[in-house]
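The next block holds one structure in the form of structure tokens; read it before the comments.
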């Protein structure tokens with residue numbers, strides 16, 4: 001790959017990453033909580049690995065959004 005494409009590729013990856021950090025509304029979060037509760041009930045009371053990963057991703061997203069807000073100020 002030519003070095004001239006690296007900055008464009010980096011910008012594309014960063015743009016996609018920032019777009020993925022969109023904020024969730026309260027209804028969307030409530031819906032996710034209901035989905036997780038139903039999924040947990042289906043697994044016999046244990047939280048699934050998928051739900052644990054979703055929770056971790058949500059925490060990371062919230063941290064990124066908080067950091068972005070601090071940078072804006």
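Quick note: the coordinates plus some simple rules give every number you see, no bench work behind them. Computed from a predicted model, the values in this text were never measured in an experiment. Here the Cβ positions follow ideal geometry from the backbone for every residue, glycine too, while neighbour counts run over all protein chains shown.
Using packing as a proxy for protection, rank 47-53, 25-31 so that the peptide with the highest average count of other Cβ atoms within 10 Å comes first.
47-53, 25-31
Distance between the 7 Å Cα→Cβ label points at residue 59 and residue 72: 2.5 nm.
Students often check this: by mean Cβ neighbours within 10 Å, which of 34-40, 64-70 ranks highest, and how do the rest follow? Could the numbers behind the result be given before it?
On the way: 34-40: 12.9, 64-70: 11.0.
Ranked by mean Cβ neighbours within 10 Å, highest first: 34-40, 64-70.
Sort region 23-72 into rounded, prolate or oblate with this rule: let a ≥ b ≥ c be the square roots of the eigenvalues of the Cα gyration tensor; rounded if a/c is under 1.5, and if a/c is not under 1.5, prolate when a/b is larger than b/c, oblate otherwise. Oblate, because a/c is 1.5 or more while a/b does not exceed b/c.
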